[in-house]
1. Under 10 Å, Cα contacts only: if you run a Gaussian network model on chain B, which one of B:Gly46, B:Gly80, B:Gly190 comes out with the highest mean-square fluctuation?
2. Go through B:25-36, A:136-147 and give me the packing order, highest mean Cβ count within 10 Å leading.
3. Could you go through the stretch A:32-48 in sequence order and give the Karplus-derived ³J(HN,Hα) for each residue, using 6.51 cos²θ - 1.76 cosθ + 1.60 with θ = phi - 60°, rounded to whole Hz, and x for Gly and Pro?
4. Pairs of alpha-carbon atoms within less than 8 angstrom and 6+ residues apart define the contacts here; what relative contact order does chain A have, in percent?
5. Before anything else, pin down the relative contact order of chain B: Cα pairs under 8 Å, at least 6 apart, normalised by residue count, whole percent.
6. Sort out the exposed loop trypsin sites (Lys or Arg not before Pro) in chain B (DSSP loop, at most 16 other Cβ within 10 Å) and tell me the longest stretch that has none.
7. Shape call for chain A from the C-alpha gyration tensor, a ≥ b ≥ c root eigenvalues: rounded (a/c under 1.5), prolate (a/b greater than b/c) or oblate?
8. Mind checking which lysines have their Cα closer than 30 Å to the Cα of A:Lys251? Skip sequence neighbours fewer than 8 apart in that chain.
Amino acid sequence: MPRNVHIIFFLAVLFLLQPGNMFAGTVTDQVGRTLMVPENPQRVVALAPSITEIIYDLGQEDRLVGVTQYSTYPSEAQSLPRVGSYVRLDIEKIVALKPDLCLATKDGNPKHIVDKIVNLGIPVYVINPRNLQQIMDTVTGLGSLLHAEKAASKLVFEMEKRIGQVQERVKNEPSRPRVFFQIDAEPLFSAGTDTFIHELIELAGGINTTAGEVSYPRYTWEDIIVLQPEIVLISSMAGGLTPEYLLNSWKKWDLVSAVKNDRIFVVDAELFDRPTPRLVQGLEVIAAILHPELFVQDGKKTEE
Amino acid sequence: MNTSIGKRILLITILLSALLILIGIIAIAAGSSGIHFWETLAIMAGKNGTDNATATIIWQIRLPRVILAAFVGGSLALGGLVFQALLRNPLAEPYILGISGGSAIGAILAMLLSLSYFPGVTIFSFTGSLLVLAFVTALAGTTLGNTMLSRDSLLLGGVMMNAFCAAVIMFLISMTRSFQVQHILYWLMGDLATMQKGQLPILLLVLPCFMIIFMLARPMNLLLLGRETAAAMGINVKNIVMLLLIITSLMVSIIVSLSGLIGFVGLVIPHIFRLLLGPDHRLLVPACLLGGASYLILCDLLARLLPSSGELPVGIITALIGAPLFIVLLLRNRT
């Protein structure tokens with residue numbers, strides 16, 4: 001395991017052991033807003049599925065009184081009251097739950113709705129993770145808001161350890177396969193540079209063929225023939241179509257290297273479309289696909 | 001104005017105001033978190049004994065929304081009435097004539113430029129509606145008085161303008177990458193949920209429009225007799241028509257910039273009241289104003305209550321009711 005992971009963990013622990021001055025009433029959220037939060041929030045509404053997931057990861061689900069429509073993970077979350085979907089929040093239902101804290105995400109919850117909730121006197125803490133490091137920061141931030149510092153640092157430590165293991169393995173591998181990650185079908189959409197998927201592909205020792213300024217660029221089959229990806233990863237949610245259909249739609253383009261060599265894989269969308277600790281699992285899935293020789297055998301041999 | 005018409009105006013105003021207040025209270029009492037009729041009455045009467053969340057829901061969430069629905073419904077119904085009188089065409093309506101579409105293009109452009117709702121979005125949307133209005137009336141040859149107005153060419157011009165506006169709107173949306181798209185899409189479907197409490201004062205701007213239109217009710221009656229007759233009765237046709245067109249477009253633009261595209265209100269309401277009250281605009285103006293307000297509050301209540309979770313954009317409800325009615329009217333007009 002790389003040494004710097006230990007150091008980061010050590011610093012993280014040191015940081016968390018500080019007397020709780022940062023949670024004494026006023027906090028600054030991830031978009032730079034300063035807000036008053038209750039000392040010990042008892043009625044929390046999570047305005048996005050990713051936030052619900054992190055609260056369960058932290059073992060703080062007893063504080064949760066409301067979630068949004070697509071909060072499907074973990075399955076227990078489905079029995080909590082719904083307050084609309086994350087883009088179309090039902091403010092009336094939120095207020096009726098009498099929350100003492102709402103947790104929102106900048107990437108999804110419309111700003112005017114967040115403003116409306118704030119104007120009704122409910123504190124809203126907004127998260128905005130843009131990469132894996134910031135997801136760990138989010139876990140730490142939510143951990144301190146919900147008095148779950150220990151669980152948060154354990155979770156962050158675990159994430160860092162697993163990311164470190166993947167990095168360690170692909171470090172000396174010279175091959176860097178060219179990857180096309182299909183997030184939607186008919187029309188085809190992929191992921192640009194400013195996305196988690198790009199970060200995961202790079203960390204897993206691959207090259208994202210669709211890197212670029214546009215976050216979710218649209219592609220045609222003509223573009224793909226020019227791109228010549230060596231590996232194609234298809235999100236299982238793409239276009240609401242079955243995995244067989246998605247795989248078949250690639251089969252006829254056998255002049256594409258990935259098709260020729262049969263390196264097309266359908267991956268579980270849930271591991272890639274939510275900014276939560278589960279992205280680390282997604283990273284491991286991609287790494288094992290890109291470098292099977294490093295992972296499959298290794299995993300069998302030793303359990304670190 | 002003789003006394004009997006004055007009495008009728010007063011009677012209709014009182015009756016429809018009572019209806020509006022009743023529907024308004026029902027709409028405030030019902031919502032996604034439940035229906036509490038007596039509790040609502042108690043809270044509105046100033047008793048703060050019940051819990052705080054319900055009071056917040058009633059005063060800060062439902063009441064502003066019901067007020068918005070009332071203003072939007074009243075303005076759109078009145079807009080329809082004025083266009084029908086000016087163009088002497090019972091099928092004219094801001095939405096069908098493409099005026100709403102024009103103001104939507106302006107509003108979306110302003111939103112993409114991140115201008116403030118007021119005055120930015122409103123000015124852009126007013127400009128858009130005037131451009132479409134000028135084009136449609138020129139196309140139909142109805143501009144200020146020479147040619148006989150042709151019902152078909154006017155409607156066709158409107159339909160084409162609407163299609164063109166829709167294409168421009170789709171173009172603008174497809175060029176947008178940010179998550180503003182979602183907001184714009186819901187706004188286009190006609191949505192009262194995106195309204196902010198701070199935007200309520202903007203609605204006061206339509207009050208002078210209501211007043212001016214009411215004062216011009218008698219000239220509108222004369223216009224129905226034909227332009228020559230109206231001119232012979234001492235009406236400055238050109239000025240009156242111009243004033244009404246601009247005032248109505250301004251009113252519609254203010255409403256569209258707040259609520260998006262809500263169709264068919266301006267068609268359904270004037271028709272119902274023309275059937276009930278006859279063609280006198282001195283009665284029809286207050287009736288459409290109050291009746292349109294009640295109607296949209298009711299449609300918005302359906303939009304909030306019908307889906308088991310979340311809500312529908314109210315424009316879908318008004319179109320589901322209005323479009324079939326439009327077809328019925330079209331068939332009746334032919335025979």
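Computed from the coordinates by the stated procedures, all read-outs in this text should not be read as laboratory data. Just so it is clear, the structure is predicted and the values come from calculations on it, not from any experiment. Note that we place each Cβ from the backbone using ideal geometry, even for glycine, and neighbour counts take in every protein chain shown.
1. Greatest mean-square fluctuation among the candidates belongs to B:Gly46.
2. The densest-packed peptide leads the list: A:136-147, B:25-36.
3. 3J(HN,Hα) across the stretch A:32-48, in whole Hz: x, 7, 9, 8, 8, 10, x, 4, 9, x, 10, 10, 9, 10, 8, 8, 8.
4. About 15 percent, as a whole number.
5. 30
6. So the longest stretch without any such site is B:178-335.
7. oblate
8. Partners within reach: A:Lys260.
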